[in-house]
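Take this structure, written in structure tokens, and hold onto it; I'll ask about it next.
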Amino acid sequence: MKYLSLAIYLLKRLLKMLLTVLLVTSVIFFLVRLMPSNPIDRYVEDQMVQYGITYAEAQNRAAALFSMDLDKPVFEQYWEYIGKVFQLDFGNSLLSPGVPVMDIIAARLPWTLFTVGIGLILSFVVGIVIGAVMAFKRDRWYEPLVTGFASFLSAIPDFLIAICLLLLFGVVRWNGENPLLPIGMMRGTYSMQVTPGWNIEFIADVLRHGMIPILTYMLSQVGVWVLLMKTCTTSCLNTDYVTMAKIRGLSSGKVLFSYIGRNALLPVTTEFFMRLGFIVGGALIIEQLFVYQGIGLELLRATNGRDYPMMQGIFLMMSIAIVLCNFLAEVLYVALDPRIKTGGAGKDGK
Amino acid sequence: MENKTAYVTLSQSSRAKKMLHRIWFAISHDKAGFAGFCLLAAIIIMSVAAPVAFPLDTESDPTQILSAPSAEHILGTDHLGRDIFAQIANGGGELLLFAALAAVIGIVLGVTLGAFSAITGGKLDGLLLFLADVWLSIPRIPLLVVLSAFFSLTSVKLAVVLGILSWAGLYRTIRAEVLSLKERDFIEAAFMQNMTKAHIVFKEITPNLMGFIAVNFSLLMRSSIYSQVGLVFLGILPLEQNWGVMINQAWTQGVIYNAKSILFILAPTVMICLLIISLVWVGKALEDVCSPSLRK
């Protein structure tokens with residue numbers, strides 16, 4: 001009986017997720033098609049400006065290149081697209097003709113996941129430790145300083161942090177000579193002279209190039225975790241069950257981990273998974289700033305060139321990531337909190 | 001009937017007065033709140049006075065390109081030889097004004113939809129909640145990048161778009177808040193007096209959400225500043241002169257390769273940080289006022 005209701009709940013959730021993704025895809029599809037100008041015009045413009053060829057010739061070239069028929073009614077295109085999406089076929093990119101959208105995404109996504117993911121995990125670990133410590137040291141003089149700095153970091157836009165880091169490391173000459181890091185190291189994903197692959201040189205180079213973006217993501221997120229963890233731990237400290245555990249004479253380690261830690265981590269973990277969903281789509285401006293070849297930069301390029309399938313594909317990936325991680329957060333919350341029992345009914349936010 | 005209206009207006013006016021009093025109390029008793037308030041006031045005064053006191057250089061001066069700070073130009077000059085300090089003084093007002101406009105639109109939408117949805121319940125509520133879920137699964141900045149292709153966005157249009165886009169997040173929080181308010185006696189009393197839903201939402205519920213609204217106002221202003229400056233930085237919006245545009249110009253002019261002119265990019269960055277931190281501190285002071293656990 002219990003498993004049946006759980007299965008029904010999961011099925012309902014799954015259907016809702018599918019519907020959400022479908023709706024987002026449809027909204028994006030029409031939004032993208034309604035954008036002024038279209039890929040062919042953009043291409044023709046480009047060719048005319050860059051190579052100085054005539055309008056007619058440029059249009060001939062465009063017609064030969066683009067296999068997509070954009071003159072068909074929009075709704076016909078829409079049904080065709082949705083049908084293909086269900087077969088996991090996202091079409092070919094228009095800007096790099098003949099290359100499937102998924103191949104480009106697969107090439108770009110790891111870079112974004114690498115930098116944003118590591119930044120998020122680092123900030124989570126550091127933030128939780130600092131937050132928990134600060135909750136215990138609320139009467140010390142440095143606590144307001146740390147908390148204030150954390151709220152400052154969490155409030156200012158991440159790209160401003162990136163600019164500050166860039167100035168700090170790459171521009172200012174501290175000892176009157178060279179800046180701390182060569183500025184070329186902060187642009188792009190890896191240097192031209194190294195060959196991609198699993199060799200030490202390449203990995204070191206990638207790490208060097210990723211360092212500043214990762215630091216940016218970490219600094220922009222760490223404040224949130226410090227504040228959240230501090231609030232959660234503080235509220236746990238004042239509860240009856242913690243007092244009771246102390247009275248019973250349990251060791252402070254046991255109180256810290258089993259009583260305070262588990263309860264304080266609950267909302268923090270949920271928030272972590274909610275944010276995890278946004279790591280795919282949240283790095284547009286910073287990737288542009290560091291010319292980091294991730295998915296955000298690809299989306300900007302696709303938007304400029306009106307690469308319809310590419311844009312749709314990237315948005316689809318982003319919304320799937322968000323929906324999936326929200327679901328994970330919900331499931332995890334239930335799994336971690338023994339007080340909540342999954343019932344089929346009454347869980348839809350009623 | 002007359003009695004009732006008299007009662008409502010009386011309670012309303014005293015509540016507003018109490019609120020103002022409490023806000024002032026919070027700001028003057030909370031150090032960070034006071035600092036934020038002063039900072040915000042200073043920025044506002046500066047942007048109001050700037051067009052008269054520090055007019056922008058309209059002409060470029062080729063002999064003074066990207067010069068270091070001097071007595072004449074205390075923050076140096078930009079790539080066209082114009083004074084940076086004048087741009088800093090003039091660049092904040094617009095950002096603040098349109099952030100406020102976006103926040104007002106967002107608050108009005110969020111409160112109206114959230115409160116009506118929670119009060120009405122039923123199918124409408126479920127539908128709106130689902131739509132908000134869908135809306136929140138579209139990442140914001142990428143969506144704005146796409147949207148900005150549609151119209152030649154001016155500041156006013158962008159503020160309106162930002163306000164409308166922020167409906168979903170606020171809708172969810174307001175709805176949750178109203179759901180708990182709905183159980184209180186005075187709402188039930190209002191229902192029993194057969195008052196209209198509009199009356200209940202705007203006269204009974206909204207005043208009780210004032211603290212919540214104040215906090216969210218500062219949050220919305222922050223996210224609006226983020227989006228405005230971010231889009232300008234991406235070079236998508238040709239806005240008028242403001243701090244974001246300065247950062248963008250400094251960036252595209254490559255001042256990061258020239259340590260002498262670093263103030264061109266650093267000054268607006270610091271100013272935006274100051275503006276945001278002042279908003280945070282004021283918002284936090286307001287939150288302390290309105291959070292029931294701390295009031296006593």
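The values are calculated or read from the model by the stated rules, or taken from the named source; none is laboratory data. Everything quoted here is computed from the prediction, not taken from an experiment. Quick reminder, even Gly has a Cβ in these numbers, built from the backbone with ideal geometry, and neighbours come from all protein chains shown. The protein model used for the area step is the full one, side chains on, heavy atoms only, and it has no ligands, DNA or RNA in it. Shrake-Rupley method; radii C 1.70, N 1.55, O 1.52, S 1.80 Å.
Find, among the chymotrypsin sites (Phe, Trp or Tyr not before Pro) in the stretch A:206-244, those assigned to loop by DSSP (not H, G, I, E, B) with at most 11 other beta-carbon atoms within 10 angstrom.
Working: sites: A:217, A:225, A:241; in loops: none.
Qualifying residues, ordered by number: none.
How much accessible area per residue does the protein assembly as shown have, in Å², with a 1.4 Å probe? Could the numbers behind the result be given before it?
Values: 32000 Å² over 646 residues.
Per-residue value: 50 Å².
While we're on this one: Treating only the Cβ of Lys, Arg, Asp and Glu as charged (+1, +1, -1, -1), what charge dipole size does chain A show about its Cα centre? Round to the nearest 20 debye.
About 1780 debye.
For chain A, just say rounded, prolate or oblate: build the C-alpha gyration tensor, square-root its eigenvalues into a ≥ b ≥ c, call rounded for a/c under 1.5, and beyond that prolate if a/b exceeds b/c, oblate if not. The partial results should precede the final answer.
Numbers: a/c = 2.91, a/b = 1.42, b/c = 2.06.
Here chain A falls in the oblate category.
Using a 10 angstrom cutoff on alpha carbons, build the Gaussian network for chain B and name the most mobile of B:161, B:52, B:178.
B:52
Still on this structure: Could you pull out every residue, at least 5 positions away or on a different chain, whose amide H is within less than 5 Å of the one on residue B:235? Hs are placed 1.01 Å off N in the peptide plane, and Pro or chain starts have none.
The list, which skips near neighbours in sequence, is empty: none.
Percent of Cα-Cα pairs more than 27 Å apart in the stretch A:104-304, please. If you can, show how the numbers build up before the last one.
Values: 8567 of 20100 pairs.
Counting pairs separated by more than 27 Å, the tail of P(r) holds 43 percent.
Among all stretches of chain B without exposed chymotrypsin sites (Phe, Trp or Tyr not before Pro) (DSSP loop, at most 16 other Cβ atoms within 10 Å), which one is longest? All intermediate terms of the calculation are to be shown ahead of the outcome.
Working: sites that count: B:150, B:151.
With a cap of 16 other Cβ atoms within 10 Å, the longest stretch comes to B:1-149.
Let me have the relative contact order for the stretch A:104-304, percent, based on Cα pairs under 8 Å that are six or more residues apart.
Working: 222 pairs, mean separation 72.0, N = 201.
Rounded, it is 36 percent for the stretch A:104-304.
Shifting gears a bit: Where does helix B:2-29 land angle-wise versus the long Cα axis of chain B, in degrees 0 to 90, nearest 10?
So the inclination is approximately 40 degrees.
Past 22 Å, Cα to Cα, is the threshold; run B:31/B:284; A:16/A:72; A:230/A:254; B:17/B:182 against it and keep the listed order. Can you show the working numbers first?
Numbers: B:31/B:284 11 Å; A:16/A:72 31 Å; A:230/A:254 19 Å; B:17/B:182 24 Å.
As for pairs spanning more than 22 Å Cα to Cα, those are A:16/A:72; B:17/B:182.
Would you work out the relative contact order for chain B, in percent, from Cα pairs under 8 angstrom that are 6 or more residues apart? All intermediate terms of the calculation are to be shown ahead of the outcome.
On the way: 356 pairs, mean separation 81.2, N = 296.
Relative CO of chain B lands at 27 percent.
Along each of the three principal axes of the Cα atoms of the protein assembly as shown, give the extent in whole Å, ordering the values from largest to smallest.
79, 69, 65
Can you tell me which of B:215, B:280, B:146 moves the most in a GNM of chain B? Springs connect C-alpha atoms under 10 Å apart.
Highest fluctuation of the listed residues: B:146.
May I pose another question? Report D for the stretch A:219-314 in µm² per second (integer): Stokes-Einstein, Kirkwood Rh on Cα pairs, 20 °C, 1.002 mPa s.
Details: Rh = 16.6 Å.
The estimated diffusion coefficient comes to 129 µm²/s.
What is the magnitude of the charge dipole of the protein assembly as shown about its Cα centre, with +1 placed on the Cβ of each Lys and Arg, -1 on the Cβ of each Asp and Glu, and no other charges, expressed in debye to the nearest 20? Don't jump to the answer; show the numbers that get you there.
Numbers: 49 positive and 43 negative charges, 572 e Å.
Using only the charged Cβ atoms, the result is roughly 2740 debye.
Please list the helices of chain A that count as membrane-span-like by this rule: a mean Kyte-Doolittle hydropathy of at least -0.5 together with Cα atoms stretching 27 Å or more along the helix axis, each helix being a complete DSSP H run. Walk me through the intermediate numbers first.
Numbers: long enough: A:2-34 (48 Å, 1.65); A:101-136 (51 Å, 2.01); A:200-237 (49 Å, 1.10); A:308-336 (41 Å, 1.73).
Long hydrophobic helices here: A:2-34, A:101-136, A:200-237, A:308-336.
Right, something else. Equivalent ellipsoid semi-axes for the stretch A:1-124, as square roots of 5 times the alpha carbon gyration tensor eigenvalues: give them largest first, rounded to whole Å.
On the way: eigenvalues 297, 98, 29 Å².
Equivalent-ellipsoid dimensions as semi-axes: 39, 22, 12 Å.
Just to confirm the number: angle between the C-alpha axis of helix B:167-182 and the first principal axis of chain B, 0 to 90 degrees, nearest 10?
Result, in degrees: 30.
If you don't mind, another one. Expressed as an acute angle from 0 to 90° and rounded to the nearest 10, what is the orientation of the C-alpha long axis of helix B:155-165 relative to the principal long axis of chain B?
40
So which residue, out of B:269, B:112, B:252, gets the largest mean-square fluctuation from a GNM of chain B using Cα contacts under 10 Å as springs?
Most flexible of the set in this elastic network: B:252.
What is the set of long-range amide H partners of residue A:92 at a cut-off below 5 Å, with H atoms built 1.01 Å from backbone N?
A:101
Please arrange B:95, A:4, A:265 by accessible surface area, largest first, computed with a 1.4 Å probe and ligands excluded. Mind dumping the intermediate values first?
Details: B:95 0, A:4 100, A:265 65 Å².
Ranked list, largest accessible area first: A:4, A:265, B:95.
Of all the stretches in chain B, which is the longest one without any exposed loop site, taking GluC sites (Glu not before Pro) in a DSSP loop (any state but H, G, I, E, B) with at most 14 other Cβ atoms within 10 Å? Could you put the intermediate results ahead of the total?
Details: sites that count: B:59, B:72, B:183, B:240.
Longest run free of exposed loop sites: B:73-182.
Top to bottom by accessible area (1.4 Å), largest first, where do B:73, B:21 land? Working shown, then result.
Values: B:73 20, B:21 130 Å².
Sorted by accessible area, descending: B:21, B:73.
Give the shape of chain B as rounded, prolate or oblate, defined through the alpha-carbon gyration tensor: a ≥ b ≥ c are the square roots of its eigenvalues, a/c under 1.5 means rounded, and otherwise the shape is prolate if a/b is larger than b/c and oblate if not. List each step's numbers first, then the result.
Numbers: a/c = 2.95, a/b = 1.87, b/c = 1.58.
Prolate, since a/c reaches 1.5 and a/b exceeds b/c.
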